[in-house]
Amino acid sequence: MLIVFCMLFVLRIGYCTDDQIFMTKTAHVGESVTLTCMRQKSWNPGNLFWIRLVAGNLPEVLGATFTFDYPGVNETPRITAKQKPGQFVLHITETELSDTAVYYCMKVQQLSLTFLNGAFLRIKGPEPNITAVIQDFPSEPVHPGDSVTLQCSVLTDSQTKSCPGEHSVYWFRAGSDESHPNIIYTHRNSHDGCEKSPETPSAPHSCVYSFSKNVSSSDAGTYYCAVATCGEILFGNGTKLQIEEKTQHTILLLLCAALAVCVIVIAFLIYTIKKKTCNCCQGDSLYGER
């Protein structure tokens, strides 16, 4: 991104300094951040600007001043841009996730534009305290009209500091035709199904969320349990639901029954033939003795 902006401005009216500083800085939500840009009195009269670049938005001017000493201050509720000895300072208080962006300090003198400093500022929110999202698989074949219950277990670490508010749980279904997942159910109360061991308060929480419905042949697909928390979405391993048609199941049972009957009949015929053969052999031996 830095190279692209430099090239654009070079083609227009300015250049990038050879000793330009570009840095990466990380802060957590609520912390204060200070970005500095050098300012020399020996420079010809001009202007300095702090701008912010966010993907998909136009550049935002956060503050402006002169290259020479000037007491003016640009101030908003959370952002202050002002001069200090030999510096032009941008100060952000109580940072928010939306403050994640690329920040540039620029010098403009007549028709010459120079990039002085650049910084990528990343604001991190609280980490999710969820350690695992586990889904259970149906243990028996499923047929149209059956009632199916899918379960999702959410394990959380009580020792991890998480973001304020409760997590939300959703069920998605991706069809067997690889169609886009659709939300089919939302748990309104995330406390439902949560259990904690009273003997060990520091033990992980275990929350079990169930989703039941009467299925039809069109409900086949992969079902995912998704937990939204701290600005992130954590997915379970997925449960593949295959719907077996009852007609096919019935035909299979009939074929098995017919095969069993055939085996019994064949066994009976073999037994009968052997018995008659033995009787004939015994009769011949009796005639021979006479």
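Brief remarks on what is shown
- Dividing the convex hull volume of the alpha-carbon atoms in the stretch 66-160 by its residue count gives 246 Å³ per residue.
- Which of Tyr185, Tyr170 has the fewest Cβ neighbours within 10 Å, and the rest in rising order: Tyr185, Tyr170
- FRET efficiency, Glu60 to Ser212 (Cβ-Cβ, R0 45 Å, nearest 0.05): 0.35
- Rg/Rh ratio calculated on Cα atoms of the stretch 59-103 (Kirkwood radius): 0.98
- Where only C-alpha atoms are counted, convex hull volume of the stretch 15-86 per residue in Å³: 142 Å³
Laboratory data are not the source of any read-out in this text; all were calculated from the coordinates shown. Please read these numbers as outputs of a predicted model, since none were measured by experiment. Backbone-built Cβ (ideal geometry, glycine too); neighbour counts: all protein chains shown.
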